[in-house]
1. Any idea how many residues of region 252-266 are surrounded by fewer than 21 Cβ atoms within 10 Å (Cβ to Cβ) and either in contact with an Asp or Glu (Cβ under 6 Å, 6 or more places away or on another chain) or hydrophobic (A, V, I, L, M, F, W, C) (or both)?
2. Restricting to region 22-72, count the residues that are part of a helix (DSSP H, G or I) and in contact (Cβ under 8 Å) with a residue 24 or more places away in the chain.
3. Within region 249-282, work out how many residues are polar (S, T, N, Q) and farther than 20 Å from E198 by Cβ.
4. Which of the residues that make up region 1-43 are loosely packed, with under 15 Cβ neighbours inside 10 Å, at negative phi and not basic (K, R)?
5. Residue under question is V78, and the condition is that it be in contact with a helix residue (DSSP H, G or I) (Cβ under 8 Å, 6 or more places away or on another chain), assigned to a strand (DSSP E or B) and in contact (Cβ under 8 Å) with a residue 24 or more places away in the chain; does it hold?
6. What number of residues within region 108-136 are assigned to a strand (DSSP E or B) and touching a His at 6+ places or on another chain (Cβ under 9 Å)?
7. On the given criteria, is E241 surrounded by fewer than 19 Cβ atoms within 10 Å (Cβ to Cβ), without any contact (Cβ under 8 Å) to a residue 40 or more places away in the chain, among the acidic types (D, E) and not assigned by TED's automatic domain parsing to the domain that holds F145?
8. Kindly check whether there is at least one residue in region 222-234 that is within 17 Å of K201 (Cα to Cα), among the aliphatic types (A, V, I, L, M), buried (at least 22 other Cβ atoms within 10 Å of the Cβ) and touching a helix residue (DSSP H, G or I) at 6+ places or on another chain (Cβ under 8 Å).
Amino acid sequence: MAHPTTVDHLLPGDHVCWTFDDHERHLAALVRFLRGGLARGEQVLYFTDTFLPDAFLAAAQAYGVEVREPQRTGQLQVTTAEESYLAGGAFEAERALDGWRAAIARARGQGYSALRVAADMGWTVRATPGIKRLAWYEAQANRIFAGGYAMALCCYDRRLFTSAELDHISAAHPATARAGAGAHEEWAPMLRLRRGSEGLKLAGAADRSNSEALAGVLHDLVADARLLSDGALPLVVDLAELTFADAAIARLLVGAVAATPGRLLLRGARPALAEQLAVIDPGQARAACSSGSPA
């Protein structure tokens, strides 16, 4: 399983598929995640499917985390999947996405520095109406997290899913912490997506393992670019910190620009990516190599 210390490297804006196969180490990771958020003045939500809420809170207290006062103030909230994702008796992807937007608005309004969420996803293996849209939901959630205020740790028990299922789910996350992550060397999210008023900033690496996550955010960016008024500055995809992108990602980027002529630009591509872009669209490659304001 992923090492518990991997959760220490998450920042607001991150959305990570975190896999485990041991409940004791899963608990240790959750407590670290909780402790870090409380110390930073963030609101912490945990949607549990592995532990009973009272049992988890007692364990966190035993680990040395004072949970009673944060619970009283609302800074810490622990609920079950039935009370959150399945509150309507089924999984409704759009309702869940609206729930994230509302939770972010509440946390901002209450003055928290960020919103930090951990979610056990074991409930997704049950025969639940709407569950076939899980991967779509995870990909669309990146549009919300890319705003840079909320972070999410989606906890998937490897024993409940096939490798193919986990691959499908992980592609909807910008980063995945799989078995062994952080055990021998420091781990960091593979890709970070940050959306600002000027566009989108990419940092890290992008390939088929997180392609659906990037596609979801680019789709949102394209929609916004199409709404720009004539004469408005184009939106920018800042590639300066994108250290690697495979050919499929290069095509995805060029396709987004082609869908919004003059309204969406690529900037700051490194030489290796610029070469790939040149194969697809030489003109776009020249533009992407130029410097531009980061998103």
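The values are calculated or read from the model by the stated rules, or taken from the named source; none is laboratory data. Quantities reported herein were computed from a predicted structural model and do not represent experimental measurements. Here the Cβ positions follow ideal geometry from the backbone for every residue, glycine too, while neighbour counts run over all protein chains shown.
1. Qualifying residue count, region 252-266: 5.
2. Initially, region 22-72 is screened for residues part of a helix (DSSP H, G or I), giving 23-39, 53-62, 68-72.
If we keep only those that are in contact (Cβ under 8 Å) with a residue 24 or more places away in the chain as well, we get 23, 25-38, 53, 56, 59-60, 70.
Final tally of qualifying residues: 20.
3. Residues of region 249-282 polar (S, T, N, Q): 260, 276.
Filter once more, so that each one left must be farther than 20 Å from E198 by Cβ: 276.
Going through region 249-282 one residue at a time, the tally reaches 1.
4. Step one: list which residues in region 1-43 are loosely packed, with under 15 Cβ neighbours inside 10 Å, which gives 11, 21-25, 39-41.
Filter once more, keeping what is at negative phi: 11, 21-25, 39-40.
Passing the criteria: L11, D21, D22, H23, E24, A39.
5. Working: in contact with a helix residue (DSSP H, G or I) (Cβ under 8 Å, 6 or more places away or on another chain): yes; assigned to a strand (DSSP E or B): yes; in contact (Cβ under 8 Å) with a residue 24 or more places away in the chain: yes.
So V78 fits the description; yes.
6. First pass over region 108-136, keeping only residues assigned to a strand (DSSP E or B): 115-120.
Next, only the ones that are touching a His at 6+ places or on another chain (Cβ under 9 Å) stay: 120.
The number of residues fulfilling the criteria is 1.
7. Values: surrounded by fewer than 19 Cβ atoms within 10 Å (Cβ to Cβ): yes; without any contact (Cβ under 8 Å) to a residue 40 or more places away in the chain: no; among the acidic types (D, E): yes; not assigned by TED's automatic domain parsing to the domain that holds F145: yes.
Taking the combined requirement at face value, the residue does not satisfy it.
8. No, that holds for no residue.
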